[in-house]
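Shown next, in structure tokens, is the structure this report addresses.
The values are calculated or read from the model by the stated rules, or taken from the named source; none is laboratory data. Quick caveat, the model's predicted, so the values are computed rather than measured. Virtual Cβ from ideal backbone geometry, glycine too; neighbours counted across all protein chains shown. Note: areas computed on protein heavy atoms with side chains; ligands, DNA, RNA excluded. Shrake-Rupley method; radii C 1.70, N 1.55, O 1.52, S 1.80 Å.
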Amino acid sequence: MKKTIVLLLSAMLLLVLAACGQDSESGSGSAITDPEVAASDEIVIKATNYEFDQPEYHVKKGVPVRVVYENEEGNHGIIVPGLNLQLDSKKNSAVVTPEEAGEFEIACSVFCGSGHSSMVSKIIVEE
């Protein structure tokens with residue numbers, strides 16, 4: 001019974017993060033995603049059970065960056081609503097050009113167990 005409740009609460013949290021996971025400072029869709037653009041920089045986000053390899057990742061505003069997602073342990077994905085970015089094992093990289101400075105939350109987009117809700121990090125877009 002407790003597992004069912006935890007599962008339902010985690011699923012609801014994921015839906016809330018997906019729908020409302022951005023703050024008013026980060027704006028809606030504050031990045032351009034274009035596979036034709038050559039990336040000037042690259043960040044690699046690695047996921048293991050219930051954590052990302054870094055608490056934050058830094059990129060520059062207006063600079064195309066290739067975001068690469070690597071699943072090292074368990075079954076995970078990432079979603080960054082403020083940058084219109086979602087990656088998983090099927091689509092593991094994308095080039096984005098952040099248009100606004102700020103902090104953008106990264107969350108696991110695949111329910112992965114009891115530590116799922118604490119699996120967060122952030123991308124910091126600097127001027």
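Might you tell me the accessible area per residue for the stretch 49-127, computed with a 1.4 Å probe and given in Å²?
It amounts to 47 Å² per residue over the stretch 49-127.
Which entries in the list Lys3/Lys60; Lys3/Lys61; Lys60/Lys90 go over 32 Å, if you measure between the two C-alpha atoms of each?
Listed pairs above 32 Å: Lys3/Lys60; Lys3/Lys61.
With r as the distance between the Cβ atoms of Ser118 and Lys46 and R0 = 22 Å, compute the FRET efficiency 1/(1 + (r/R0)^6) and round to 0.05.
0.85
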